Amino acid sequence: MPSIVESDERWLYRVGGVSAIVLGLGYLAIFPLFAKVGAPPATGEGWLNYLAGKTAVWWAILGLSVFTDFLFVPVALSLYAALKHVSRSAMLLATAFMGLFVVLDLAVTWTNYAALLTLSALHSAASTEAQRASYVSAANYASAILASRVEVFYAIVDLSLGILTVSFVMLKAKGAFGRATAYVGLATGISGLVSITGFFPAILTNALLATAWLFLVGYRLIRLARH
């Protein structure tokens, strides 16, 4: 039985490690796409006008973002398996934070982005003012959700708290993940909480640190799988 459990955990470490690295690569691919389309507006009508000629890039952003969200599941589970012996309760909390981020990001954030992209195509094809007005009204609802401080709060805070909690546990793990991984994770979580203010340097710093942390976590998990 111990050998079976050990084999299962190694398999989970390997899957989690590869997922973390692919997740980091996905983030690197998304950065230039966001730079290409520029900052979006805050109103529904503004979104519909802004998306003209940019829907292909935004669909690529949406697809990559949904894909990377799913990859957080094996990453979170593998981190729990690797660190539960240090603090089971803390790792359960961290896994819950990451899981909540994935669920809410998929159910609210990217669902509303998909709605705006679909409405943009319908708005462009509309033949009457009444149709256009109805699409603008629907777009106003989706854009209002995306602009809401509550949406921004949960989208950032859940993941930031998850990474912070994991990183604190890593510091107690005595070298299993390396102090560099833990410190980058702490910086990622703190910068994520600061970015709630909308301060752009904090948002950019958080994105870069999160990417670096994922690569470090992926490398460490793959090393654990080989031991």
Practice prompt. Scan (1) among the charged types (D, E, K, R); (2) touching a Phe, Trp or Tyr at 6+ places or on another chain (Cβ under 8 Å); (3) modelled with pLDDT under 90 for the single condition Arg220 breaks and write down its number.
Written response: (3)
Discussion item. If a residue counts only when it is in contact with an Asp or Glu (Cβ under 7 Å, 6 or more places away or on another chain), which helices (runs of 4 or more DSSP H) contained entirely in the stretch 51-137 have at least 2 such residues?
Written reply: 55-83, 88-104
Worksheet item: Would you pick out the residues in the stretch 81-93 that are modelled with pLDDT under 95 and under 20 Å from the mean Cα position of the chain (by Cα)?
Response: none
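Return the only residue of Leu214, Leu221, Leu146, Leu161 being open to solvent by 50 Å² or more (accessible area, probe 1.4 Å), touching a residue at least 24 places away in the same chain (Cβ under 8 Å) and of a type in the set (A, V, I, L, M).
Answer to the selection: Leu161.
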Discussion item. Given the options Ala52, Ala42, Ala81, name the one that is in contact (Cβ under 8 Å) with a residue 24 or more places away in the chain, of a type in the set (A, V, I, L, M, F, W, C) and surrounded by 16 or more Cβ atoms within 10 Å (Cβ to Cβ).
Written reply: Ala81
Worksheet item: If we scan the stretch 121-132, do we find a residue that is at pLDDT 95 or above, among the aliphatic types (A, V, I, L, M) and surrounded by fewer than 19 Cβ atoms within 10 Å (Cβ to Cβ)?
Response: no
Item to complete: Kindly indicate whether any position in the stretch 174-194 is open to solvent by 60 Å² or more (accessible area, probe 1.4 Å) and on the phi > 0 side of the Ramachandran plot.
Response: yes
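The values are calculated or read from the model by the stated rules, or taken from the named source; none is laboratory data. Being a predicted model, the structure only gives us computed values, none of them experimental. Note that we place each Cβ from the backbone using ideal geometry, even for glycine, and neighbour counts take in every protein chain shown. The protein model used for the area step is the full one, side chains on, heavy atoms only, and it has no ligands, DNA or RNA in it. Shrake-Rupley method; radii C 1.70, N 1.55, O 1.52, S 1.80 Å.
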